[in-house]
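> After the structure tokens below, expect a handful of questions from me.
Values in this text are rule-based calculations from the coordinates and carry no lab data. Everything numeric in this text was worked out from a predicted model, so none of it was measured. Here Cβ is always computed from backbone atoms with ideal geometry, including for glycine, and neighbour counts include all displayed protein chains.
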Amino acid sequence: MNVLFITLDQFRGDAYGAAGHPLVTTPTLDRIAGEGVRLERHYSQAAPCAPGRAALFTGMYQMNNRVVANGTPLASTLDNVAFVARRAGYDPTLFGYTDQGIDPYRANGADDPRLNDYDGVLPGLSVGLYLPESQAGWSQYLREKGYDVQGNWQQLLRDEPTRPAEDSLSGFLTTRFLQWLGHEESGWFAHLSYLRPHPPYAAAGEYSTRYDPADVALPIAPVNADQRHPLHEAALSSLQAAAPTDQDALRALRAQYFGMISEVDFQLGRIVAALEERGEWRDTLVVVTADHGDQLGDHGLIEKLGFFPQSYHVIGLWRDPRLPGGRSITRFTENVDLLPTLAEALGVEPPAQCDGRSLGPLFLDEDVRWREAAHYEWDSRFLFLGATQSAPSWTLARCNLAVSAGEDLAYVQFGDGSYRCFDLALDATWRTECRDSERVLLGAQEQLLWRQHHLRRELTDMLLTPDRRGYWPSDLHYSALAQSVL
């Protein structure tokens, strides 16, 4: 069976047709959802990009994989989706990027250039097309086609509306994948990592005018200043996080985001068509998710940060041709669930490190105990790590929050001891705090015990006794490098 493991950067879970969006058209994603399973309440476990992807690739919550920022190294002792694919007999090949920095303990000395940024490739992946943050390969492609390429990668992306979609970043990645596919026999594993709909908010070519801003609904407004948590207030004061206050500008921004979604959907359509022509679509497992979402103006914010669900509720599609399709799952599912699910689908044991659970029983409509809330974390220490005066470690340890978002309540615990509890039954927009009783608050706080149940356990569940009770290294699916460390 072929495996198409797709990530769409910054893709909100409500921003496509099958999710019920009233404006955006996404025929390819809708088809994948119709032939597979749509995860209605699917969540990323962290933001921004590197933390979100670390949770996805390792099946571990941030509190365990400890990738807390763009720039945090990924520990080489951790297993990941690429190693799982290799144990299943595949050569997993990357098209795009993974944003996983090298473990300094595995670097070739202090001068190793891989230590200069987090823009690395996940260990275990072969490379079909590597697109670092500079987008160097795409930039060179545009020059060869005669385009006047100026400025950095952000400017290159801001200019997308001036070029046809066939020459877009998403189009370039898709074409390179299809070229590679033409030389592959069946039984391949490809990780397609698309940047779009990540900002700058500028869709390619004709997709930049696909949606009239006048037709775009306005987002959820922020609560009054006297009701905001200090983190929310600080974000609204940030040039990087605050949404435009002018309504026309806000509608235009959202229209470009939706255009990017429809364009990447078109590119995915090219892939589906090619697989059908090759006779491989019926033998291809497709997974679609995102590293995180986008506030898109909700609560007065853009990009991804903080505790609001728009930054973490993401697209989740699973199409396995061996399973019945056309189903939606309303249970709370998470990106950490995808690695154990994929391992099971490929016939190998899920890594013991995984905090997630296989979705297999849900796919088969089995009656199983399941989580009653979605969980995610956000860490803000990166704001201090780059400062001239480094903050003390005890301060950095408080720069985080953890969220449990359930059916009726959402509880946010901040590292400084403060908290927020939102009454979702009364107001699903996260603008109304719980003010009923201590019993309600206690119930919400108890939900946060999910963190206690997922503390690292690879070695804590092992006893050095003659009968070696508990897990033992041969039972743990570490990478070969991790096994050498043990």
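> Which residue, chosen from Tyr43, Pro351, Phe363, occupies the Cα position most advanced towards the positive end of the dipole of the chain, where the dipole is computed from +1 (Lys, Arg) and -1 (Asp, Glu) charges on Cβ about the Cα centre?
It is Pro351.
> Would you kindly state how much longer the chain becomes between Tyr130 and Leu449 on full extension, computed as 0.36 nm times their sequence separation minus their alpha carbon distance, in nm to one decimal? Write out the running numbers ahead of the final one.
On the way: separation 319, 0.36 × 319 = 114.84 nm, distance 3.96 nm.
Taking Tyr130 through Leu449 to full extension adds about 110.9 nm, to one decimal.
> Would you indicate which of [x] 1.02; [y] 1.35; [z] 0.95 is the value of Rg/Rh (Cα atoms, Kirkwood Rh) derived from the coordinates of this structure?
[z]
> What is the chain's relative contact order, in percent, from Cα pairs under 8 angstrom and six or more apart in sequence?
Numbers: 1009 pairs, mean separation 115.9, N = 486.
After rounding, I find 24 percent.
> In the chain, which cysteines lack any other cysteine Cβ under 4.7 Å from their own?
Result for the chain is Cys49, Cys354, Cys399, no neighbouring Cys Cβ within the cutoff.
> Now for a separate question. In terms of modelled amide H atoms, which long-range or inter-chain residues lie less than 5 Å from the amide H of Leu94?
Placed amide hydrogens put Ser126, Val127, Gly128, Leu129, His191 under 5 Å from Leu94.
> Along the stretch 293-302, what does the Karplus equation 6.51 cos²θ - 1.76 cosθ + 1.60 (θ = phi - 60°) give for ³J(HN,Hα), rounded to whole Hz, x for Gly and Pro?
x, 8, 5, 6, x, 4, 6, x, 10, 10
> A further question follows. Positive end of the charge dipole of the chain (Lys, Arg +1 and Asp, Glu -1 on Cβ, about the Cα centre): tell me which of Val216, Gln295, Tyr411 has its Cα farthest that way.
Tyr411
> State to the nearest 20 debye the size of the charge dipole of the chain about its Cα centre, where the only charges are +1 on K and R beta carbons and -1 on D and E beta carbons.
Details: 42 positive and 64 negative charges, 117 e Å.
My answer is approximately 560 debye.
> Let me ask you something else. Which ordering of Leu74, Leu455, Leu305 is given by a fewest-first count of other beta-carbon atoms within 10 Å? Write out the running numbers ahead of the final one.
Details: Leu74 25, Leu455 11, Leu305 21.
Final ranking by Cβ density, sparse to dense: Leu455, Leu305, Leu74.
> Related question: Rank these for me by crowding, Trp318, Trp180, Trp281, going from fewest to most other beta carbons within 10 Å. Working shown, then result.
Values: Trp318 29, Trp180 15, Trp281 19.
So the residues, fewest neighbours to most, are Trp180, Trp281, Trp318.
> Where does the charge balance sit around Ile261 when Lys and Arg score +1, Asp and Glu -1, over other residues with C-beta under 13 Å from its C-beta? Kindly include the intermediate steps, with their values, before the conclusion.
Values: positive: Arg12, Arg196, Arg210, Arg254; negative: Asp9, Asp14, Asp30, Glu263, Asp265, Asp294.
Here the count lands on -2.
> Quick one: if you stick a label point 7 Å off each Cα along the C-beta vector at Asn116 and Ala397, how many nm between them?
The modelled label-to-label distance comes out at 3.5 nm.
> Provide the net charge surrounding Gly297, with neighbours chosen by a C-beta distance below 14 Å and charges set as Lys +1, Arg +1, Asp -1, Glu -1. Write out the running numbers ahead of the final one.
On the way: positive: Arg12, Arg251, Arg254, Lys304; negative: Asp14, Asp246, Asp248, Asp294, Asp298, Glu303.
Local charge sum for Gly297: -2.
> In addition: What's the exposure ranking of Glu166, Glu303, Glu263, going from fewest to most Cβ atoms within 10 Å? Working shown, then result.
On the way: Glu166 14, Glu303 22, Glu263 26.
Result, fewest neighbours first: Glu166, Glu303, Glu263.
> Tell me, what is the percent relative contact order of the stretch 214-314, built from C-alpha pairs under 8 Å that lie six or more residues apart? Don't jump to the answer; show the numbers that get you there.
Numbers: 96 pairs, mean separation 38.3, N = 101.
Normalised by residue count, the contact order of the stretch 214-314 is 38 percent.
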